[in-house]
Structures are given as C-alpha cells and as structure tokens.
C-alpha cells in the first residue's frame, strides 16, 4: 500500500494544506488538498473515488473544484462516499446553487456517472481489492475514521476525534495493522481547546495509544495546527512513547 500525503495540516497556511491522503494513486481520503496538489491529467487518468470523514470545511475544501474538473472533462465513473449526515450538510451548505452549483444534479442531467453514496458505520466498503471500514469517532459533528485493508496490510485513520473507544477496538481486530494516522491538534497545555473542538492533544494521545494491543504499529501524527506544530512535536518526542512516531508532512510518500 502506498500512501501519499497531499495535505495533513489542521489549518491552511503557507506551505501547509488541509487533510487529503491518496492511496495507490486511486483512492482519496478527504478532499482538503487535491486539485492544488495533483495535475489535472493525473486526476482524470487515476482517481476513482473519495471517502469523506465528515463535512468540516478543511476536509471538503477542494471537493467542489475536483468535481467540476471531473464533470468538465467527462470523467466517469467517480464516486464520493460519505455518511448520511455529511451528505445532508453538503447539499445544504455547499451544493445548493448559492454557495456552489449542485454538481451531482448536473451530472445526473448530463447522464454522467458521478455518484454520491452513503456509507454506514462499521459496514465495509469494497473498492477494488480494498475493504474500507468506516468507524464512528468522537468529534463535534458526525465523523468517521477509516480502517483501510488491502488483504495484505491495513492502515487506520482516526479522522478528527477526541478520546474515543470504538475505533481502537476495531483496530485491535486487525492482525495486519501496520500504521494508524491520528489527529493531534493541540499541545497538553490546551485541554479546553481540545475538549471544545473535540480534537486530541498530546496528553490525550498518550492515553489513547494505551488502548492499542500491539505496540509494533507506526503512529503517524496528522492535523497539527501550524502555529502549534513545533510544540506538539517537542512534547511527543519527550514523551518516550513505546510506538514508532512519524510526523506527517505534505508531500510525504509512505509504503506498507
């Protein structure tokens, strides 16, 4: 499994883009940075679908531009997978012909196979050789993490979350789990910010990792706020966690 980090920041700033991961050049997880990172030709020739964790702006920011590109160039088929709650939000707040045209409605009229498909908690989605399982986590709105399994290895992604249990329980069921991407947005001295926004701090992460049965799993730190990144890194480096810790950066490529 090849994982390309198109964006992994907890905010948008110079040189840092919001969440978007590319799996084996075909499957996108979230859409915070796609058309700004990938050439149009690559997108049209390779991308097959995107799975959205939730409808917060930093995770869907470039979805309208991606879908517009696909429609204008007749790319078909292409599927957007989302929870029912996020689908309602997309229609109400983005694709409403006020903020942006309803590209799904336009695609239907043009007989273009652009689909918006609802997924359900813990019900695996089969895409090519992948089984991708949405797992509901603890955020301010309905949000799902994913466990991505290609039959040989699996990688987990918490999505945006505060302290949670079900996600780690599902991870522990995967004997082939190699890595988990985790949301760590705040240092330990900002517990109220973490609780109100329902993101992890470094202190919360340390407690959450105790829920993992295997300690041979690489922990990939994502969603760090740009102005807090160095403080978060310093704290986690000093924490002496038993896991192999990697701090994600835009442009990284990881292979499992």
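Any read-out appearing in this document is the output of simple, stated calculations on the displayed coordinates, not a laboratory observation. Everything numeric in this text was worked out from a predicted model, so none of it was measured. All Cβ positions, glycine included, derive from the backbone under ideal geometry; neighbour counts span all protein chains shown.
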Q. Contour minus end-to-end for residue 41 and residue 24, with contour as 0.36 nm per residue of separation and end-to-end as the Cα-Cα distance?
A. 4.5 nm
Q. Computed over the Cα atoms of segment 1-138, what is the convex hull's projected area averaged over all directions, in nm²?
A. 8.5
Q. How long, wide and thick is segment 122-201, going by the Cα atoms along their three principal axes, in whole angstroms, largest first?
A. 41, 23, 18
Q. Going by how many other Cβ atoms sit within 10 Å of their own, how do 83, 36 line up, fewest first?
A. 36, 83
**Q.** Inter-site label distance for residue 123 and residue 79 at 7 Å from Cα along Cβ, in nm
**A.** 1.2
Q: Return one number: the angle in degrees, 0 to 90 and rounded to the nearest 10, between the long axis of the Cα atoms of helix 229-238 and the longest principal axis of the Cα atoms of the chain.
A: 40
Q: Using only C-alpha positions, report the orientation-averaged shadow area of the convex hull of segment 92-168, nm², one decimal.
A: 6.8
**Q.** Cβ-derived FRET efficiency at R0 30 Å, residue 242 paired with residue 131, nearest 0.05
**A.** 0.60
Q: Calculate, in nm to one decimal, what residue 227 and residue 140 gain on full extension: separation in residues at 0.36 nm each, minus their alpha carbon distance.
A: 29.1 nm
Q.
Rounded to two decimal places and with Rh computed the Kirkwood way over Cα pairs, what is Rg over Rh for segment 190-256?
A. 0.96
Q | Euclidean distance of C-alpha centroids, segment 86-163 and segment 5-38, integer Å | A | 15
(Q) Using only the alpha-carbon atoms of the chain as identical scatterers, what base-10 log of I(q)/I(0) does the Debye formula give at q = 0.13, 0.15, 0.16 Å⁻¹? (A) -0.78, -1.05, -1.20
(Q) To make sure I understand, if each residue's beta carbon is the centre and we count other beta carbons within 10 Å, what order do 125, 23 fall in, fewest to most? (A) 125, 23
Q: Mind pulling up the Rg/Rh value for segment 27-93? Radius of gyration and Kirkwood radius, both on Cα.
A: 0.94
Q) In segment 124-256, if every C-alpha pair distance is counted and binned at 10 Å from zero, what percent goes to each bin? A) 12, 45, 35, 7, 0
Q. Tell me, 37, 88 in order of fewest to most beta-carbon neighbours within 10 Å?
A. 88, 37
(Q) Give the separation of the Cα centroids, segment 186-256 to segment 57-81, in Å. (A) 30
Q: Write down the percent of antiparallel bridges among all DSSP beta bridges whose residues are both part of segment 2-249, to the nearest 5.
A: 45
